[in-house]
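One structure is given below, encoded as structure tokens.
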Amino acid sequence: MKRIVLTGGGTAGHVTPNIALIPHLQTLGYEIHYIGSYDGIEKRLIEEIGIPYDGISSGKLRRYFDLKNFSDPFRVVKGYFEARKNSEKAPSGHHLFKRRFCRCPGGTGSKKPLYSSDYP
């Protein structure tokens with residue numbers, strides 16, 4: 001069976017387009033896995049439709065001063081390695097990602113061909 005990993009998170013606006021693609025991908029014969037943050041809204045939305053979900057560590061780019069700006073880069077690096085591990089656990093032929101914070105570790109951590117549904 002063909003496999004695809006979808007990523008995206010942070011807001012439902014980055015998850016719902018992936019949810020809209022899932023029925024079509026399933027009719028094309030894809031086994032679908034999803035990578036998102038540990039406790040973001042994407043986890044609940046994806047688990048509700050029965051798609052295997054793997055959480056990874058992620059950070060946020062804030063345009064204002066916040067002490068978390070100093071720790072979030074380390075979360076992104078951690079998420080990168082978690083995504084690589086998940087990529088080996090659920091091998092896929094393709095990896096489709098949406099923008100925002102799960103894209104960086106989830107997309108770049110994958111060892112698979114990457115496709116983006118957003119502008120760079």
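Just so you know, all these numbers are worked out from the coordinates, no wet-lab data involved. Since the structure is predicted, the reported quantities are computational estimates derived from the model, not experimental observations. Note: ideal-geometry Cβ built from the backbone for every residue, glycine included; neighbour counts use all protein chains shown.
Label separation (Ala12 vs Tyr64): 2.4 nm, computed from points 7 Å beyond Cα along the C-beta direction. Each label point was placed 7 Å from the Cα along the Cα-to-Cβ direction; for Leu28 and Arg44 their separation is 3.0 nm. Ranked by the mean number of other Cβ atoms within 10 Å of their residues, highest first, the peptides 53-64, 28-39, 1-12 come out as 1-12, 28-39, 53-64.
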